[in-house]
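Everything on this sheet refers to the single structure shown next.
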There are 2 protein chains.
Amino acid sequence: MMTATRKRIIESAIQVFNEDLSAPLQKVADNAAVTRRTLHRYFKDRNELVEICRQVIETSCKKAMIAAIQSSDEPMLQLERMLYAGIDCGAKYATFYKMHRSADHTHNQQNKNCADYDYIYATFQKIVVELQETGQLNPKMSPEWIQVLHSGIIESTVNARAITQQNIENIKELAWSSYFKAISP
Amino acid sequence: MMTATRKRIIESAIQVFNEDLSAPLQKVADNAAVTRRTLHRYFKDRNELVEICRQVIETSCKKAMIAAIQSSDEPMLQLERMLYAGIDCGAKYATFYKMHRSADHTHNQQNKNCADYDYIYATFQKIVVELQETGQLNPKMSPEWIQVLHSGIIESTVNARAITQQNIENIKELAWSSYFKAISP
DNA sequence: ACAAAATGTCTCACATTTGAGAAATACTTC
DNA sequence: GAAGTATTTCTCAAATGTGAGACATTTTGT
């Protein structure tokens with residue numbers, strides 16, 4: 001059940017909590033252009049709002065990454081589209097990437113989200129290994145490092161978007177170009 | 001005047017505030033293995049603690065970056081050492097990089113810190129331009145992009161450090177190698 | 001061993017944040 | 001226009017965070 005106001009509050013929360021995890025809810029409400037009273041009508045408490053933000057981030061990033069993987073059978077194209085998908089997730093990607101890696105996370109294959117997360121990143125590494133075996137990627141870089149670099153490029157690009165006036169498609173191509181060159185043999 | 005306890009509190013605060021800007025001071029104290037009462041003995045209030053953390057971050061990162069610049073006359077070597085310096089700053093680098101760029105920052109050349117910051121990043125871009133003119137760096141990438149990528153690689157590398165068991169010098173070389181290839185012609 | 005310094009424990013008053021009831025107002029739908 | 005719904009305004013009690021006094025305990029330095 002998703003009203004426009006509820007959606008607006010969630011997006012505001014994602015933005016505000018991205019900069020300050022413990023920001024007062026008043027700030028989230030202000031940023032969503034609603035009162036805090038209204039915010040409380042939609043969300044039982046802070047914990048619920050944070051949890052729902054997590055779910056929204058997880059659902060959208062997961063969906064985008066899986067779609068990128070399944071958009072092609074060509075490993076290099078998959079890799080490229082995964083980079084673009086990450087960039088399109090914007091600031092949410094950093095949260096998503098860290099989500100299942102944090103110290104207080106209980107990772108469990110029985111959990112659908114954990115399983116999907118593992119699918120994404122295991123597939124990522126499988127793609128990398130495959131491209132290394134066919135000589136398309138630098139065999140000296142570990143798949144782990146290539147993945148770390150992937151998230152670094154995404155984050156840089158997301159940050160650059162906020163600053164530069166350049167066309168978004170240009171930025172994405174630049175990001176891919178930089179990444180591709182970095183990981184090539 | 002820097003006692004071991006004071007230093008420990010500051011380092012704890014840098015760490016805790018890095019993850020959660022508005023974390024309760026109790027958390028900082030816990031992480032520093034002191035009581036909150038003691039924390040208050042050393043720091044008048046939260047604002048003072050935050051300000052001193054900023055100063056510590058600024059001083060150490062600035063010093064490291066300027067040292068890297070002045071360690072050589074060779075632009076490429078300067079660039080490489082700046083990457084290493086950033087990585088050595090650890091989580092502090094991200095805060096330092098954003099420090100003078102945030103919306104609520106009053107940037108003023110009369111201010112020594114602002115001037116030094118400008119020196120660092122103007123020099124960075126001068127180095128990039130110089131390397132582009134001599135054909136050592138890709139002329140199609142804007143110096144802004146090359147700088148954004150620099151900070152993105154640093155940040156990823158710092159994050160990867162917490163996760164990987166690899167030797168730190170290896171990671172730094174890998175980061176440089178990736179960055180260098182990304183920005184090469 | 002002793003004195004001084006540092007820290008912990010306990011407590012308190014105050015400030016801020018939180019969550020929600022009640023009534024008023026604004027908006028939407030038919 | 002009327003009824004229903006959504007939101008705002010106002011208020012309050014409770015919870016949490018903050019900063020600091022007083023005293024006790026521990027640590028440090030000579």
Task: Among B:26, B:110, B:70, residue whose mean-square fluctuation peaks in a GNM of chain B (springs only between Cα atoms under 10 Å) - done: B:110
Task: Reduced Cα scattering model of segment A:1-69, Debye log10 I(q)/I(0), q = 0.16, 0.20 Å⁻¹ - done: -0.52, -0.76
TODO: Just tell me, in residue order, which DSSP H segments of chain A are both 18 angstrom or longer along the helix axis (alpha-carbon based) and at least -1.0 in mean Kyte-Doolittle hydropathy.
DONE: A:4-19, A:46-70, A:75-89, A:112-133, A:143-163, A:168-183
Task: Choice from A:140, A:126, A:172 showing the highest fluctuation, given a GNM over chain A with Cα pairs closer than 10 Å - done: A:140
TODO: Just the number, please: Stokes-Einstein D of the protein assembly as shown in µm²/s, Kirkwood Rh from C-alpha pairs, 37 °C, 0.692 mPa s.
DONE: 147
TODO: Using +1 at the Cβ of each Lys and Arg and -1 at the Cβ of each Asp and Glu in chain B, identify which of B:131, B:29, B:176 lies farthest towards the dipole's positive end.
DONE: B:29
- [ ] Would you list which aspartates and glutamates come within 13 Å of residue B:27, measuring only between C-alpha atoms, while excluding same-chain residues fewer than 8 positions from it?
- [x] B:11, B:19
Task: Gaussian network model of chain A, springs between alpha carbon atoms under 10 Å - residue of A:57, A:168, A:127 with greatest fluctuation - done: A:168
Task: Position residue B:50, label points 7 Å along Cα→Cβ, spacing to each other copy in nm (shortest first, one decimal) - done: 1.8
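Would you calculate the volume per residue, in Å³, of the smallest convex hull containing every Cα atom of chain A?
So the per-residue hull volume is 139 Å³.
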Task: Quotient of C-alpha Rg and 2.2 N^0.38 Å, computed over segment B:105-185 - done: 1.30
Task: Nearest-20 debye value, the protein assembly as shown charge dipole, Cβ charges on Lys, Arg, Asp, Glu - done: 1400
Task: DSSP-assigned coil residues among chymotrypsin sites (Phe, Trp or Tyr not before Pro) in segment A:73-127, each with at most 15 further Cβ atoms within 10 Å - done: none
Task: Compactness of segment A:62-149 as Cα Rg over 2.2 N^0.38 Å, two decimals - done: 1.10
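Each reported figure results from applying straightforward, stated rules to the coordinates on display, with no laboratory input. The structure displayed is predicted, hence computed values, not measured ones. Every residue, glycine among them, receives a Cβ derived from its backbone with ideal geometry; neighbour counts consider all protein chains shown.
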